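Participant: Below is a structure I'd like to ask you about.
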Amino acid sequence: MRANISANTTRLNMKPEPAAWEALRRHATAQLHGGFADRVLRHAHGPADGTWRSLFAAGARRLSPGFADRVLRAARVATELPSLGSHIAVSAATAIVCLAAVLFVHKRSVDRDDARNLAEWGRIIEIADDESV
């Protein structure tokens, strides 16, 4: 019985796994720009404490006096619950709009029915006049 020759020759031509990993590592390292590792580490650790302090000071210099109080006041106003009077006013306005819509639709349907009934009665009268002649 013949042995699988292609599998044996392929294994003889292949590099060992550690050599393949080393070649891959070298190729990937050659693709990176200089200082890549330093940039990654700086980004991972974030700015130093002194940098945060200088950013905080620069931001504070750009804010007008009383900014925090104005923001807090605006936030309190935005989160206040509506009063009972405003609830009643909105409910009344909604009821008025709904009533007006119902009356409008009812008036239109009554006018349409009246026009249709008058047209039918007009035809009945024409037929009756034709038969009496």
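Participant: Any idea which of GLU22, GLU80 is loosely packed, with under 10 Cβ neighbours inside 10 Å and on the phi < 0 side of the Ramachandran plot?
Facilitator: Unique residue meeting the criteria: GLU80.
Participant: Given the conditions (1) surrounded by 10 or more Cβ atoms within 10 Å (Cβ to Cβ); (2) in a helix (DSSP H, G or I), and given that PRO47 satisfies all but one, which numbered condition is not satisfied?
Facilitator: For PRO47, the exception is condition (2).
Participant: When ALA58 is evaluated against the numbered criteria (1) part of a loop (DSSP other than H, G, I, E, B); (2) modelled with pLDDT of 90 or more; (3) of a type outside the set (S, T, N, Q), which criterion, by number, is the only one it fails?
Facilitator: It is condition (1) that ALA58 fails.
The values are calculated or read from the model by the stated rules, or taken from the named source; none is laboratory data. Bear in mind that the values here come from a model prediction, so they are computed numbers and not experimental data. Positions of Cβ are generated from backbone atoms using ideal geometry, with glycine treated the same way; all protein chains shown enter the neighbour counts.
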